[in-house]
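Have a look at the structure below, then the notes.
All of the numbers you see were taken from the coordinates with simple rules; none came from a lab. Values in this document were obtained by computation on a predicted structure and should not be read as measured data. Every residue, glycine as well, gets a Cβ built from its backbone with ideal geometry; the counts of neighbours run over all protein chains shown.
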Amino acid sequence: MGFPTETFYGLGAAISREDAVARIFRLKGRPDSKPLLILVESVAMAETVAEVSADARALMARHWPGALTLVLRARSAVPVLVTAGTGTVGVRHSAHPLASALVRRLDAPVTAPSANLTGEAPPTSAAEVLQVFDGQIEAVIDGGRTAGGLPSTVLDLTVSPPCVRRQGAVVL
């Protein structure tokens with residue numbers, strides 16, 4: 001399923017549905033060695049999929065909901081496919097009301113890589129998602145045009161000192 005976030009449109013599947021997660025990798029042409037980021041709707045939900053440190057909690061309080069993805073140690077309940085065997089998971093709480101509503105409605109973490117082919121520009125509209133994936137995904141939630149711009153900032157808290165893996169919309 002395609003859906004809007006505060007930056008771009010993403011491809012979503014409940015992380016517990018390994019068949020759907022595998023399909024996202026195939027559709028995007030994404031290497032299965034690159035983990036998928038997931039959306040949560042609260043710190044409590046993040047704690048179900050990751051080990052949340054005091055530093056992570058402070059960053060969540062300051063920047064969530066928003067375009068900050070935190071790389072944390074994954075809990076054993078997270079499928080290996082989602083983590084790409086890294087033992088880590090990127091978590092984010094989207095500020096977009098439709099993305100947040102989707103996660104709340106499912107009451108489960110949802111994958112959220114950009115809804116584009118790997119290496120291509122990420123889409124900012126439902127129409128752009130359909131140009132690439134029409135007939136290949138079940139639905140697209142049309143939330144209008146997204147802001148685009150920079151993607152989420154990815155901060156890896158599994159290393160010391162923490163490392164910015166991708167500079168994006170949130171400046172740290």
* Taking the Cα atoms of the range 79-142, report the difference between the largest and smallest coordinate on each principal axis, in whole Å and largest first. => 34, 27, 20
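Return the Rg/Rh ratio of the chain with Cα-based radii and a Kirkwood Rh. The partial results should precede the final answer.
Details: Rg = 14.6 Å, Rh = 15.7 Å.
Computed over Cα atoms, the ratio is 0.93.
To check you understand DSSP bridge types, tell me what percent of the beta bridges within the range 36-120 (both residues inside) are antiparallel, rounded to 5. Intermediate results must be reported in sequence, preceding the final value.
Values: 7 of 10 bridges.
Roughly 70 percent of the beta bridges in the range 36-120 run antiparallel, per DSSP.
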* **Lys, Arg +1 and Asp, Glu -1 on Cβ, resulting dipole of the range 69-172 about Cα centre, debye, nearest 20** => 460
* To do: Using a Gaussian network model of the chain whose springs link C-alpha atoms within less than 10 Å, name the residue from 90, 119, 148 with the highest mean-square fluctuation.
  => 119
